[in-house]
Every structure is written in C-alpha cells, then in structure tokens.
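All remarks here apply to the structure that follows.
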Amino acid sequence: MTNRTDTERIVDAIKADFHTYLRKGVRIESVVGEAHADLDIVDVDSLLKIHFVLTQSNENRDVGVVDFVDRLSDRIRRLKTETAGQREDFHGEIRGHVDWHASAKRRSRSGNPTEPWFVCVQQERHFNIEENLVLKRLLTVIRDILENELQPALEDPSGYEWLDYWHHQPNEAERNEPPHERLLRLYENNVYLQRIDVEDTEITPRMIESVKRSRSELYRDAAVLLDLYRRLMRHRLSDEETHELLNHTMIRPEEESTLFELYWIFRLLNTFEDVSYRVIREDNPALIASWEDDSFVYRLYHDSTGEHLSFHEDLSDIEVDEDGYLYRTQKILEKWQDLSDSLLDRGGSDTLWGGRPDIVLEKLAPAGDDTLRVEQVFIGEVKYTSNVDYVATGLRELLEYMAFVRRATADDNDYLEERGSVLQSQNVKGLLFIDQLETDTSSPEDISILQFGGDIPSVL
C-alpha cells in the first residue's frame, strides 16, 4: 500500500484553478465550511479575510499584516497632520494672532469703530488627511476581522496553531499583550486615531495610489495592505497567494480530505469548456456552480443530495409479498418502530437506506411552467485513501448511490435509472475518485475508479 499524496502536491495541483474559478463565480462555501466548522465560516470572503490578517512579508510580498501590526505601536506616534488657520471673532479678548485688517472691518460693521472686536487666527491641526484616512480604514478592517471571523479562535486558541501570531501569549520578560489585544486597545484608545473619521468617507483607489507614494513608510505600508485587502475581496489572487491561502489558512490536518475533494471538483469543472457560471441559490452553500447550454441546465453540488434528487429509501416505499430477506427486514423495522415508540418514547426511523454523495452534477431540462426535470445525473464519490479495502467500500457506496437515486419532485419519485438498465449508465453516470494505488484501475466501464492525477472523461 502506498502512502497518501501529501497536501503540498494537492495544493500545487489546484492553486491555479482555485482563483480562476473564484473569479468565474464558482462557489466553494461548502468546502470552506467543512474546513473551518468551529469558526462557522461558510463563505470564501470570510476565508480570504482570515488569510489577509495572517499575511507576512516574504520574497513575494514586502509587507504583511503581521509585520505591520508588530511595528504599529512605535510608528503610530508620528501621525501626520495638516495645520490650517481658523478665523474667529472675539469681543474684548485676544486669542491667537490678531488680523488687524479684518478686525477693523468687523468694528466698522458693528456701527461703533471703538468696539473692542478682534478677529483672531487660531491654528488647528487636521487629522482627516488622505494618509490618515487610509491608515484608519486599514485598522478598521483588521479590527473587524479579529472581532468577527476570528473571535471564537482567539477566545479559545486550542487547535488553531495556524493562528499562532494573533493569540501568542507573551512571556513575563516581554511585558506586553497578545497582538490582538494590543491592536484593539490601540484602536480604541489612541487619541489621534479617534480624531480620524472614516465612517462617511469613501477611500478611493486614487487615494490609495497617492498614499503609496507617501514619504512615510507607515502610510506606504498601510496603502499597500488596504489595496491587497480590496484585491482579495475581488477574488483576484496570484498563484503565490493561492498557495499560501490553501496551505496556511484553509486546511487543518484533520480536514485534508476536504482539500482532496476540492481537487476533484476542479478537475470535473475543467471538463466543461467555455462555461460562464452563475449562482442562483445564495441560501444553498452546497451549490458549487450552475451553468447552461442551448438545451440543458447544469448544477454541481458538493457533499449534497442536490435539489431535484433523493438518496434514501423508506419502509413505505417497498412492498414485499414473499418470505425472504427483504420481507424479514421490513418486519424488523416495523417492530423496531413500535417498540421505540412504546418503550422509549421516541419514534424509530423508517429509513432503509440513505446517503449523501461527495459530488452530484444534475443535468436538467425545461419541463414547462418554469420547472426543471432531471435528465441525467453524475455522481462522484471521493476517498482520500490508498487503502484497497477502503477503496472497495467507496466503490460499493458509489454503486448504491447510482442504483437507488430517485427524482425528488412531488409528482415524480421514480428511480432515475430504469429497471432494465440499472448500473448500465444510461441516465446515471458515476466515478470513484481515489488517491494513487500500486495497481492499475483503468477500465472500459463507464463506472470506473480514477486515481489522483488521472484525466476525467466527459461525464454527461
């Protein structure tokens, strides 16, 4: 038995597709949600925000958020301001520099040239300049990510080693706070930051580019990072950023199988050419992509039964007349239901079989009245393993999904594959996706086992 393919190779295999499909409109919220279940992250934007606050300087990046926050306390003491003269009228007192010409005019307007009116020029410091607005907006972004996306992990850091910088506990010799507490305290208490108002101010791309040319390194770095954040929120990632994101933010060791599933999702999408994807169900995170051609609509789901399909068998679905295994199984379930209700005060399920495939692709045709009917379905079962026994289990699961899948509409609950062509791949296609084995699993059968690195044939 060979070892499983390490995650570094999987990341290398998908990094180009990752940001390509983000920009095309493909959603991977279900994948992200599995990778970060404890943080309740259900969308890619949340993932990218976490990635942003973990960025550090490297050969591809001059400054990251970690470096910026490390130096912030020292550099923020020298905030830039602009000074402007503000003229005010005073009666009987002088405050600041007297504008005698303006004072004479003021006395003349009063009707009594001897009235002791003085127009004084007072110098005021203004903090709402471009550099400070960019800086405050960046700090606001970082603060919001810490208080929203990362709050659970910062409160209980166990299991979040990739977040080590932000929940780092200083030793006694350091005599300071963890970085996230230090940043939040500075944001809330720094008197100069409090005088910078970004609530109703638009920070334009022109402003950011202007601040990038500032003479102050603090402001140049702030502009670069705010520009990076906005680029991430537009899903415009470089290959290096994608690799960093997948390696250090998305996948924890116990969730490596999620990354392997994402690899096969992208390989499957690559079999369709010149496709424009669109999301039609914002409330369904399992919907990865939707597209259509001249005749059909296609919808791809991850870890889901899809929208128009059913993957379970109930006791009420079967009629068994003769004695035998199914007859006795039916009697067992009926008795179990009765006993569970009478002795345990709980209802027993009447489900004979049920499941949820890793990948489901529905091919739908218009059926009138703005409804769609399933014409074909592709089912993909993914096993991140090189264990032959586990592969065999996955193959059986795939065959069960293909044999038992039904249409789920109220007026049509028939099996998708007709009796005479069960597992003959007429309306239901299927592939088992696995890691690399020492044996060849290629087959002329439509139902086949595809190993890591193999090419996916046209599935529908």
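The values are calculated or read from the model by the stated rules, or taken from the named source; none is laboratory data. Since this is a predicted model, take the numbers as computed values, not measurements. Here the Cβ is made from the backbone with ideal geometry for all residues, glycine too, and neighbour counts use every protein chain on show. Heads up: the accessible areas ignore ligands, DNA and RNA and are worked out on the full protein's heavy atoms, side chains in. Shrake-Rupley method; radii C 1.70, N 1.55, O 1.52, S 1.80 Å.
Hey, can you tell me all the residues within region 438-460 that are open to solvent by 90 Å² or more (accessible area, probe 1.4 Å) and over 20 Å from V377 (Cβ atoms)?
If the condition is that a residue be open to solvent by 90 Å² or more (accessible area, probe 1.4 Å) and over 20 Å from V377 (Cβ atoms), then E438, D440, P444, D455 are the ones that fit.
Kindly state which strands (runs of 3 or more DSSP E) lie completely within region 325-429 and contain at least 1 residues that are under 26 Å from Y263 (Cβ atoms).
Answer list for region 325-429: 359-366, 372-383.
How about region 420-437: which of its residues are over 31 Å from the mean Cα position of the chain (by Cα), modelled with pLDDT of 85 or more and either more than 16 Å from G306 (Cα to Cα) or of a type in the set (F, W, Y) (or both)?
Of everything in region 420-437, just one residue is over 31 Å from the mean Cα position of the chain (by Cα), modelled with pLDDT of 85 or more and either more than 16 Å from G306 (Cα to Cα) or of a type in the set (F, W, Y) (or both), namely L437.
Among the residues of region 200-210, is there at least one that is touching a Phe, Trp or Tyr at 6+ places or on another chain (Cβ under 9 Å), assigned to a helix (DSSP H, G or I) and surrounded by 15 or more Cβ atoms within 10 Å (Cβ to Cβ)?
So the first thing to find is which residues in region 200-210 are touching a Phe, Trp or Tyr at 6+ places or on another chain (Cβ under 9 Å), and the list is none.
No, region 200-210 contains no residue that is touching a Phe, Trp or Tyr at 6+ places or on another chain (Cβ under 9 Å), assigned to a helix (DSSP H, G or I) and surrounded by 15 or more Cβ atoms within 10 Å (Cβ to Cβ).
Kindly establish whether T409 is in contact (Cβ under 8 Å) with a residue 12 or more places away in the chain and open to solvent by less than 20 Å² (accessible area, probe 1.4 Å).
no
Do we find that G96 is at positive phi and either within 57 Å of the chain's Cα centre (by Cα) or open to solvent by 80 Å² or more (accessible area, probe 1.4 Å) (or both) in this structure?
yes
Out of the residues in region 99-135 that are hydroxyl-bearing (S, T, Y) and not in a loop (DSSP other than H, G, I, E, B), which is least open to solvent (accessible area, probe 1.4 Å)?
Residue satisfying both the conditions and the ranking: S103.
Provide a single number: the residues in region 240-250 that are surrounded by fewer than 19 Cβ atoms within 10 Å (Cβ to Cβ) and modelled with pLDDT of 80 or more.
Result for region 240-250: 1.
Checking I280 against (1) of a type in the set (A, V, I, L, M, F, W, C); (2) modelled with pLDDT of 75 or more; (3) not in a strand (DSSP E or B): exactly one of these is not met. Which one?
Unmet condition: (2).
Yes or no, residue by residue, for (1) out of contact with any Leu (no Cβ under 6 Å at 6 or more places or on another chain); (2) at pLDDT below 90; (3) closer than 23 Å to Y277 by Cα; (4) buried (at least 17 other Cβ atoms within 10 Å of the Cβ):
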| residue | (1), (2), (3), (4) |
| --- | --- |
| R346 | yes, yes, no, no |
| L361 | no, no, yes, yes |
| A367 | yes, yes, yes, no |
| T371 | yes, yes, yes, no |
| E418 | yes, yes, no, no |
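Can you tell me which residue in region 296-315 is farthest from Y327 (Cα to Cα), limited to those that are open to solvent by less than 30 Å² (accessible area, probe 1.4 Å) and of a type in the set (A, V, I, L, M, F, W, C)?
Here the answer is V297.
Restricting the search to region 169-188, which residues are loosely packed, with under 12 Cβ neighbours inside 10 Å and either within 17 Å of L133 (Cβ to Cβ) or at pLDDT 90 or above (or both)?
Initial filter on region 169-188 (loosely packed, with under 12 Cβ neighbours inside 10 Å): 169, 171-176, 188.
Across region 169-188, the qualifying residue is only E188.
So, in region 252-276, of the ones that are among the charged types (D, E, K, R) and outside any helix (DSSP H, G or I), which residue ends up modelled with the highest pLDDT?
Of everything passing the filter in region 252-276, E273 is modelled with the highest pLDDT.
Considering each residue of region 86-116, count those that are β-branched (V, I, T) and over 29 Å from H126 (Cβ atoms), and give that number.
Total meeting the criteria: 1.
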